[in-house]
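The values are calculated or read from the model by the stated rules, or taken from the named source; none is laboratory data. This is a predicted model, so every value here is computed, not measured. Note that we place each Cβ from the backbone using ideal geometry, even for glycine, and neighbour counts take in every protein chain shown.
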Amino acid sequence: MSLASLLCDAASRVPNKPALYIKDRVFTYAELDGEAQRLARRLVACGAKPGDRVALHMQNGAEIAIAYFACFLAGAIAVPINARMKGPEIEYMLEHSGSSIYVGQKGVALEEINSRLPCIRQLFLDHLKLEDRLNVLSAITLPPVQEDDPAVILYTSGSTARPKGVVHSHRSLLNAARGLWIESDDVIMIVMSMAHSVALAMLLAGTAAGATSVVVRQFEADPVLDAIACCRATYMIGMPIMYRALTAAQAVQPRDITSMRLWLASGDTTPSALQSNFSRHVGLPLHEIFGATETGVIAANWDCGAKQVGSFGRVALGVDLAVIDANGDPVSFGTKGEMIVRSPANMIGYWNDPIATAAALVNGWFYTGDLVSQDPDGHLWFRGRKREIIVRGGANVSPQEVEEIFYQHGVVREAGVVGAIDPIWGERVVAFVSRQPGQAVTSEELIAFVAKRLAAYKVPKEVVFLEDLPKSAAGKVNRRALRERYAAADRPVEQA
């Protein structure tokens, strides 16, 4: 089955059921399908051919949902661009993907694209104002689309290198959506950017099930809680930083959010202190799921009452997983190694990058670059990333492990841990921290707090306080930016 028929099938089953809630606007499945069909024919009329890349530069809302389905129907490859991206980042994605059509919207569109990137054949600042060409649209036949055709190029956040374009076929993207356990009577909260894999998979999973999605244009804790209460939402996936905000807002002003059946955290490690605090104020557990843009959901920490605090769960149904050493051999239980994954949701490759594709996909296995260990019961424990590991005197330090300790301190709002060059030890551990509003703590106090909980070689030698930590477009703390900031400074703002 290709994604081209996904929305049409839902519209034939439940035509009058709400598909999307966006502020005070409701789109039924029949309306959403009609809009997608019209935009698909407009794209074809404007020159889009099967395999052409169509850039979608929009905020969350009906527009980007319609544009996705229009691309699938037209046989084009959607190239979503996060609305938070800046000009040079956008131009890189457009050039690298070879996009020939750019679909934007007011307040978001990069208006100088036409003059600076002549490869863009059309520039639509608002897809709702595309030329109707009603006299030709009815005569346009949409092309046949196969399930193994490329459907989307999702660019990674680029926290460690230039962004890579993850290519998914219609088949692999639909399999990624099926791994989200969404049911027909669910009301889904889409609070993350639909330019990224998780929110896109939620949209597709909801459509496949005939569920209803509540789309939030921009995350703010109070409006999200209000929407959950008003729409009787049942399902949400969010970033840990979002759940910190939701917990604080619910503690100040409790809402009736008892309709929720599943709260899932993804995209970054979820500190145990956050999980405990969330459960106390919300009344339900916060479950961690683990996945990648390249392969969808890999593991979940919520099934069959088998939740283990600190673990990111056990391998998801239909996914094969192995933990290997540097020689490619399986490691014993409790030993750290690289996680590799074989799944029907695995990407088909990186766009225009055969070398990176060959390194990441070997005999059907995706090499994640994530370091994990596994216990005899199958629970997985995150131990860092190969490229982010800090090596101090020959000992490896996981930034995430150190950050987990910082988050246990009540004054710490955000934490980012990086390695800095050290002439004796090779690298030393440096922590960047933002404090809760109105709260005070010294670097000495924080270092002492960590020193009580971690081996000495893992303890930061410096703590730099910032009002806010830099984020990637996906909302994660940007460790690369922190390293660059530290290297460029003559002296940290504050250190022990």
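Restricting segment 374-395 to residues that are without any contact (Cβ under 8 Å) to a residue 40 or more places away in the chain and out of contact with any Gly (no Cβ under 7 Å at 6 or more places or on another chain), the residue that is farthest from Phe278 (Cα to Cα) is Gly394.
Taking only segment 56-67 into account, find how many residues are touching a helix residue (DSSP H, G or I) at 6+ places or on another chain (Cβ under 8 Å) and either surrounded by fewer than 24 Cβ atoms within 10 Å (Cβ to Cβ) or assigned to a loop (DSSP other than H, G, I, E, B) (or both).
Summing the residues that are touching a helix residue (DSSP H, G or I) at 6+ places or on another chain (Cβ under 8 Å) and either surrounded by fewer than 24 Cβ atoms within 10 Å (Cβ to Cβ) or assigned to a loop (DSSP other than H, G, I, E, B) (or both) in segment 56-67 gives 4.
Quick one: would you say Ala48 is among the small types (Gly, Ala, Ser), assigned by TED's automatic domain parsing to the domain that holds Glu95 and either at pLDDT below 95 or out of contact with any strand residue (DSSP E or B) (no Cβ under 9 Å at 6 or more places or on another chain) (or both)? Yes. The criterion of being at pLDDT below 95, surrounded by fewer than 23 Cβ atoms within 10 Å (Cβ to Cβ), in contact with a helix residue (DSSP H, G or I) (Cβ under 7 Å, 6 or more places away or on another chain) and not in a helix (DSSP H, G or I) does not hold for Asp256. State whether the residues of segment 242-252 include one that is modelled with pLDDT under 95, farther than 30 Å from Phe27 by Cβ and among the basic types (Lys, Arg). Taking every residue of segment 242-252 in turn, at least one turns out to be modelled with pLDDT under 95, farther than 30 Å from Phe27 by Cβ and among the basic types (Lys, Arg). Return yes or no: is Thr368 free of Cβ contacts under 8 Å to residues at least 12 places away in the same chain and surrounded by 15 or more Cβ atoms within 10 Å (Cβ to Cβ)? No, not satisfied.
When you scan segment 372-379, do you find a residue that is of a type in the set (Asp, Glu), touching a strand residue (DSSP E or B) at 6+ places or on another chain (Cβ under 7 Å) and not assigned by TED's automatic domain parsing to the domain that holds Leu154, even just one?
Of all residues in segment 372-379, those of a type in the set (Asp, Glu) come to 375, 377.
Cutting the leftovers down to touching a strand residue (DSSP E or B) at 6+ places or on another chain (Cβ under 7 Å) gives us none.
No.
Gly267 meets the conditions (1) at positive phi; (2) modelled with pLDDT of 95 or more in every case but one. The failed one is (2). Please go through segment 245-261 and pick out each residue that is closer than 21 Å to Gln218 by Cα and touching a strand residue (DSSP E or B) at 6+ places or on another chain (Cβ under 8 Å). Matches in segment 245-261: Leu246, Met260. Number of residues in segment 68-89 that are outside any loop (DSSP other than H, G, I, E, B) and farther than 28 Å from Ser213 by Cα: the value is 3.
The numbered conditions (1) under 13 Å from the mean Cα position of the chain (by Cα); (2) surrounded by 24 or more Cβ atoms within 10 Å (Cβ to Cβ) are all true for Ile298 except (1).
Please specify each residue of segment 408-464 satisfying the condition of being among the basic types (Lys, Arg) and either over 20 Å from Ala488 (Cα atoms) or buried (at least 19 other Cβ atoms within 10 Å of the Cβ) (or both).
Start the filter on segment 408-464 by keeping residues that are among the basic types (Lys, Arg), which leaves 413, 428, 435, 452-453, 458, 461.
Result: Arg413, Arg428, Arg435, Lys452, Arg453, Lys458.
Apart from one condition, Asp370 fits all of (1) closer than 16 Å to Phe290 by Cα; (2) in a helix (DSSP H, G or I); the exception is (2).
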